[in-house]
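The values are calculated or read from the model by the stated rules, or taken from the named source; none is laboratory data. A quick note: this is a predicted structure, and the numbers were derived from the prediction, not measured. Note that each Cβ is placed from the backbone with ideal geometry, even for glycine, and that neighbours are counted across all protein chains shown. With ligands, DNA and RNA removed, areas are computed over all heavy atoms of the protein, side chains included. Shrake-Rupley method; radii C 1.70, N 1.55, O 1.52, S 1.80 Å.
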Amino acid sequence: LGAGAGGGFPQWNSAGPGCLRARAGDPAAPPRSQASIAVSADGETWLLVNASPDLREQIAATPALHPRAGTLRNSPIAAVLLTGAEVDTIAGLLHLRERHAFTLLGAPQSLAVLDANPIFRALNPDFVTRRAIAPGSTFDVLGISVTAYAVPGKVPLFAEGAGDPGLAEDGEAMGLALSAGGGTLHYIPGCAMM
């Protein structure tokens, strides 16, 4: 859905060479929305991995994620899996607040960030089931086998303390191995170091 860093590309406040090239229309520097992917084992029901602030535009640009004819309100998005709780991974959840049923999965630390912020109560628990996943666990979501693993990553910028480097290695940032149809994809959007 997107491959840009926080803020997308070009970033709104960057006059760096790449961003200047993107704004000038250089085909070697195409604009990108913020990092997020959508995966499906059957092409009908979809798992979003992270919900970037650009989610509304990403859905609009991806016909497989559009509502299906026949029902006034519906979506093929059946689950969202968070790899962390940075603004760039959770802000798009607010686009999904329209009483659409889906499962929201994330590490306990990520779900605790959502629980602590009253704005995320817009995701009505009558429709949105939250499920904590532990790093190191393997589970099935919509026919996709997922293995979550802790990676060295940043704690959310808003959670950093004074003088704190903001690094976490306890599952606050996760990588994912997603397997279906004989293939495996590793998705590690918030890794601070290899």
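Side notes on the structure shown:
- All positions within region 170-185 that are touching a strand residue (DSSP E or B) at 6+ places or on another chain (Cβ under 7 Å) and either more than 15 Å from residue 47 (Cβ to Cβ) or crowded, with 20+ Cβ neighbours inside 10 Å (or both): 170, 171, 172, 173, 174, 175, 176, 178
- Every test in (1) in a helix (DSSP H, G or I); (2) within 16 Å of residue 188 (Cα to Cα); (3) in contact with a helix residue (DSSP H, G or I) (Cβ under 6 Å, 6 or more places away or on another chain) is passed by residue 88 save one, and that test is (3).
- Residues that are without any contact (Cβ under 8 Å) to a residue 40 or more places away in the chain, hydrophobic (A, V, I, L, M, F, W, C) and open to solvent by less than 40 Å² (accessible area, probe 1.4 Å) occur at least once in region 29-43.
Okay, residues lined up against (1) under 15 Å from the mean Cα position of the chain (by Cα); (2) modelled with pLDDT under 95; (3) farther than 17 Å from residue 9 by Cα; (4) not small (Gly, Ala, Ser):
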residue	(1), (2), (3), (4)
60	no, no, yes, no
71	no, yes, yes, yes
76	no, no, yes, yes
82	yes, no, yes, yes
89	yes, yes, no, yes
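- Residue match in region 9-32 (condition: under 25 Å from residue 140 (Cβ atoms), among the aliphatic types (A, V, I, L, M) and at pLDDT 95 or above): no
- Criterion (farther than 19 Å from residue 6 by Cβ and open to solvent by 40 Å² or more (accessible area, probe 1.4 Å)) met by exactly one of 79, 60: 60
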